Amino acid sequence: MPSLDEKLEAILAEVIRRNEGEPEFHQAVREVLESLGRVVAKRPDYADGALIERICEPERQIIFRIPWTDDRGGVRINRGFRVQFNSALGPYKGGIRFHPSVNVGIIKFLGFEQTFKNALTGMPIGGGKGGSDFDPKGRSDAEIMRFCQSFMTELCRHLGEHTDVPAGDIGVGGREIGYMFGQYKRLTNRYEAGVLTGKGLSYGGSRARKEATGYGNTYFVQAMLLTRGRDFDGMRAVVSGSGNVAIYTMEKIASLGGRIMACSDSDGYVIDEAGIDLDLVKEIKEVRRERISEYARLKGTGAHYITGGSIWDVPCDVAMPSATQNELTGRDARALLRNGVIAVGEGANMPSTPEAIRIFQEAGVLFGPGKAANAGGVATSALEMQQNASRDSWTFEQTESRLASIMRNIHDICASTAEEYGTPGDYVLGANIAGFVRVAEAMRALGVI
Ligand code: GLU
């Protein structure tokens with residue numbers, strides 16, 4: 001692990017001491033602090049007023065009980081979280097995750113990442129994240145609705161279009177946002193469209209929001225490839241996951257002439273000699289809500305389903321990890337390198353382990369970290385808030401072209417910052433520093449709060 005200077009090491013030690021048993025949060029903070037050494041060397045004033053310590057401490061953390069009734073009449077209890085991390089740039093903004101692995105440390109790491117990601121978009125949004133350890137797998141539609149209503153019954157008092165604006169994440173898509181918005185509206189007696197994003201088109205959602213994270217990650221990787229005179233045409237891509245991010249990453253890459261070799265879910269992955277058939281993935285995941293193993297069964301010849309292995313053993317030129325944190329390890333990075341990978345774009349939040357990132361960077365692989373590469377989702381959420389505030393609705397083309405230019409800007413600011421701080425091509429360094437500087441400038445201006 002690269003070492004930190006004495007002051008930053010002390011800050012990290014304090015973060016670890018105060019947030020015991022939260023390894024993902026420690027990992028996310030360490031990565032940012034590793035980049036900040038160069039900022040502090042150049043601009044020591046950024047360390048004044050305990051600014052870095054303040055950035056590492058969430059403004060508010062809410063933990064609550066979620067009672068709900070299953071279809072057999074049994075009462076169930078889950079735990080809900082909202083970490084309102086930083087509101088220097090705007091209302092807290094960030095998704096809600098429903099997954100059994102959720103705990104306060106996971107939500108904290110996600111909220112921390114979100115703060116810098118949101119700053120990189122250049123939009124007026126602070127950072128936050130929420131969720132529950134609820135497992136939606138196998139739950140009926142009625143159970144999902146009752147759970148979302150109970151979750152929102154508690155959370156609603158902490159939200160508001162100028163206060164905190166959640167959206168989706170793993171396990172939370174259009175259906176869940178609809179149920180939560182309905183309950184918020186009922187409890188508050190306000191049609192406050194801008195309080196949630198990722199809404200359906202029929203009640204204030206934005207065109208291209210569903211596609212935005214995957215499309216945006218593809219645009220980011222396209223911009224990285226362009227720096228080496230390459231593009232997606234003819235490239236073999238492996239996209240892990242098969243949720244919203246993965247599906248629209250595959251769609252955009254395919255439209256640019258790339259070939260999708262494999263995708264996955266938490267049980268296994270599918271490869272298809274003919275290239276992954278996206279309509280079939282959409283049918284399985286968006287309509288039937290089934291497992292990806294169904295793909296091989298429905299497709300027949302040429303398609304194979306593999307359980308237990310690693311999707312990163314499938315040879316490819318471009319890898320787009322779009323499932324979850326720490327899904328791509330050092331071992332996986334070495335396998336990808338052996339097979340000739342040239343670019344990696346993180347669609348998920350922190351999917352590559354620190355060892356994997358180091359291996360990619362040392363080998364000169366173009367590496368787009370999640371807080372930059374997957375910022376298209378939240379950026380389009382901010383466009384949804386804009387449309388809601390002006391009671392307007394933009395066309396798909398208008399929205400997508402705003403998304404494309406935001407992603408180009410994020411790429412360029414990461415690249416120019418990395419160059420300014422002495423390591424051209426290091427998008428991790430560029431993203432961490434550029435995001436930090438934006439948040440830090442605003443925090444300094446607002447005083448010690
Ligand atoms: N959950 C997404 C993310 O990780 C989107 C957040 C949002 O749109 O607010 O950025």
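What to note about this one:
- Counted residues, the stretch 277-322 - those being in contact with a Phe, Trp or Tyr (Cβ under 8 Å, 6 or more places away or on another chain) and of a type in the set (A, V, I, L, M, F, W, C): 11
Conditions tested, residue by residue: (1) touching a residue at least 60 places away in the same chain (Cβ under 8 Å); (2) touching a Lys or Arg at 6+ places or on another chain (Cβ under 8 Å).
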site: V15; (1), (2): no, no
site: F25; (1), (2): yes, yes
site: A47; (1), (2): no, yes
site: R54; (1), (2): yes, no
site: I66; (1), (2): yes, yes
site: D70; (1), (2): yes, yes
site: V75; (1), (2): no, no
site: R79; (1), (2): no, yes
site: N86; (1), (2): yes, no
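- Any hit, the stretch 139-154, residues being within 13 Å of the ligand (Cβ to nearest atom) and within 14 Å of G95 (Cα to Cα): no
- If you filter the stretch 63-106 down to residues that are basic (K, R) and crowded, with 21+ Cβ neighbours inside 10 Å, you find that the one that is farthest from L159 (Cα to Cα) is R97.
- Subset of the stretch 195-234 (residues that are hydrophobic (A, V, I, L, M, F, W, C) and open to solvent by 10 Å² or more (accessible area, probe 1.4 Å)): L201, A223, L226
- Here is the figure for the stretch 382-397: residues that are open to solvent by less than 30 Å² (accessible area, probe 1.4 Å) and more than 13 Å from I125 (Cβ to Cβ) total 3.
- Whichever residue in the stretch 343-359 is closer than 16 Å to D426 by Cβ and more than 15 Å from the ligand (Cβ to nearest atom) and, among such residues, is farthest from the chain's Cα centre (by Cα): I359
- The stretch 408-448, residues that are surrounded by fewer than 15 Cβ atoms within 10 Å (Cβ to Cβ) and aliphatic (A, V, I, L, M): A445, L446, V448
- Checked against (1) assigned to a loop (DSSP other than H, G, I, E, B); (2) hydrophobic (A, V, I, L, M, F, W, C); (3) in contact with a strand residue (DSSP E or B) (Cβ under 8 Å, 6 or more places away or on another chain), V344 passes all but condition (1).
- Exactly one residue among A379, A363 is under 24 Å from G430 (Cα atoms), touching a residue at least 12 places away in the same chain (Cβ under 8 Å), surrounded by fewer than 23 Cβ atoms within 10 Å (Cβ to Cβ) and out of contact with any strand residue (DSSP E or B) (no Cβ under 8 Å at 6 or more places or on another chain), and that residue is A363.
- Hey, A373 of a type in the set (G, A, S), closer than 21 Å to T249 by Cα, open to solvent by less than 10 Å² (accessible area, probe 1.4 Å) and more than 16 Å from the ligand (Cβ to nearest atom) or not: no
- Annotation: E192 fulfils all but one of (1) among the charged types (D, E, K, R); (2) open to solvent by 50 Å² or more (accessible area, probe 1.4 Å); (3) over 25 Å from L278 (Cα atoms); the unmet one is (2).
- Per the listing G347, G340, the residue uniquely small (G, A, S) and open to solvent by less than 10 Å² (accessible area, probe 1.4 Å) is G347.
- Qualifying residue in the stretch 150-158 (condition: crowded, with 20+ Cβ neighbours inside 10 Å and among the hydroxyl-bearing types (S, T, Y)): yes
- Residue in the stretch 162-171 that is more than 26 Å from I410 (Cα to Cα), within 16 Å of the ligand (Cβ to nearest atom) and open to solvent by 10 Å² or more (accessible area, probe 1.4 Å) present: yes
- Considering residues of the stretch 114-138 that are within 19 Å of R438 (Cβ to Cβ) and away from the ligand (no atom under 12 Å from the Cβ) only, the residue most open to solvent (accessible area, probe 1.4 Å): P124
- Spans of strands (runs of 3 or more DSSP E) in the stretch 14-100 with at least 2 residues within 16 Å of the ligand (Cβ to nearest atom): 75-86, 92-98
- Any hit, the stretch 156-169, residues being without any contact (Cβ under 8 Å) to a residue 24 or more places away in the chain and among the polar types (S, T, N, Q): no
- Flag if E290 is part of a loop (DSSP other than H, G, I, E, B), surrounded by fewer than 21 Cβ atoms within 10 Å (Cβ to Cβ) and without any contact (Cβ under 8 Å) to a residue 12 or more places away in the chain: yes
- Pick from the stretch 164-193, criterion part of a loop (DSSP other than H, G, I, E, B) and over 29 Å from S322 (Cα atoms), ranking: nearest to the chain's Cα centre (by Cα): E192
The values are calculated or read from the model by the stated rules, or taken from the named source; none is laboratory data. Small disclaimer: the values here were computed from a predicted structure and weren't measured. So basically every Cβ, Gly included, is an ideal-geometry build from the backbone, and we count neighbours across all protein chains shown. Side chains included, ligands, DNA and RNA excluded: accessible areas come from the protein's heavy atoms. Shrake-Rupley method; radii C 1.70, N 1.55, O 1.52, S 1.80 Å.
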